[in-house]
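Report on the following structure.
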Amino acid sequence: MTLLLIFATIALFIGSNLLIKNFQTRVAVGRLQRNLYNVIAPAAAFLLLLLLKGGVLSFNVPTLLLAVCAGFAMYAYYSAKVLAVSIGPLALVSMFYVLGGVLLPALYGYVVSGEPFKVTGALGLALVCASFVPLVVAQRRVSTEKLSARFIVCGVILFVLNGAIGCMGKIAQSFSPDPSWSMDFIGLYYLTYFFISLIPMAKDMPRYSQEDVSRTLNVRNLLLLAGAGATNAVGAAFNFSLLFRLPVSLQYPVIQSSLMVGVTLLSFLLYREKPTRPTVVSLCLAVASIILLSV
């Protein structure tokens, strides 16, 4: 059952990423598209989880407070990610948020939760870090432009927030009586994310052009965004339930590394992106890290 949950979690996260990429290839992503994603995706996520829970979400004071914090962190994470991609190389953006999502929860597991430290696990974490070296080196060869302080700050924020969201999930799990609360916690933090996103959506309304609105607001695009939110929500709920079955120092590194490998491979197949030597080397290192972490 645990192995099935792992595969289902990875598949749902990959599906969500592909739906977002599909939306991005259909429209030029600007202010309206970013705000629309931030409203439609969490709304669909919350409504689906609420439906699956029979219209009632269970919580206690600690899990409610953590869900609200996670919702704020998720919005800030996405905003920082969008800004970072617009001012710096994608390879470095990916490095910051993946390493945060891998290293900080693993550190929390070892230091706070007292999970046993394994040499193979440490080697696996080291390989996750090393998997970005070929991409970073390749990026520096093709671009001599100096990284701005603004980009570095965004990168650090991505590192901290992605790791913090994982740690908050682990803390919330310790206050949850059983895995059935997985959908409740995730639903509540998506609800928080939705309400926060309404503010910039309303504030920016005078800036939306009629052409942009008519090009973006159609049934297919709305379904893509809702699908991205729904698949991500169920994946996040499965991921939360895995915290009851796996040590966090194993779970988050394996999920994050597998997600990176899966999205990259499917991009080659579905979008005919040409694999480069640095990308292939990075993928091999990431696969090796997953094997070591799983031993």
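The values are calculated or read from the model by the stated rules, or taken from the named source; none is laboratory data. Everything numeric in this text was worked out from a predicted model, so none of it was measured. Reconstructed Cβ throughout: ideal geometry from the backbone, glycine too, with neighbour counts over all protein chains shown.
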Q.
Among the numbered criteria (1) surrounded by fewer than 21 Cβ atoms within 10 Å (Cβ to Cβ); (2) at pLDDT 90 or above; (3) closer than 16 Å to Ala67 by Cα, which one does Leu222 miss?
A. (3)
**Q.** Residue list for the stretch 245-295, filter: exposed (fewer than 15 other Cβ atoms within 10 Å of the Cβ) and in a loop (DSSP other than H, G, I, E, B)
**A.** Arg245, Tyr271, Arg272, Glu273, Lys274, Pro275, Thr276, Val295
**Q.** Criterion violated by Trp181 - all others in (1) of a type in the set (A, V, I, L, M, F, W, C); (2) within 18 Å of the chain's Cα centre (by Cα); (3) surrounded by 17 or more Cβ atoms within 10 Å (Cβ to Cβ) satisfied
**A.** (2)
Q | Pairs, first surrounded by 23 or more Cβ atoms within 10 Å (Cβ to Cβ) in the stretch 160-176, second outside any helix (DSSP H, G or I) and at pLDDT below 95, C-beta under 7 Å, six or more apart | A | Gly169/Leu243
**Q.** Residue, farthest from the chain's Cα centre (by Cα), within the stretch 23-38, restricted to residues that are among the polar types (S, T, N, Q) and surrounded by fewer than 17 Cβ atoms within 10 Å (Cβ to Cβ)
**A.** Thr25
**Q.** Residue among Phe13, Phe7, Phe59, Phe46 that is farther than 18 Å from Thr192 by Cβ, of a type outside the set (S, T, N, Q) and surrounded by 18 or more Cβ atoms within 10 Å (Cβ to Cβ)
**A.** Phe13
Q: Would you mention how many residues in the stretch 124-157 are within 19 Å of Ala286 (Cβ to Cβ), loosely packed, with under 15 Cβ neighbours inside 10 Å and at pLDDT 85 or above?
A: 1
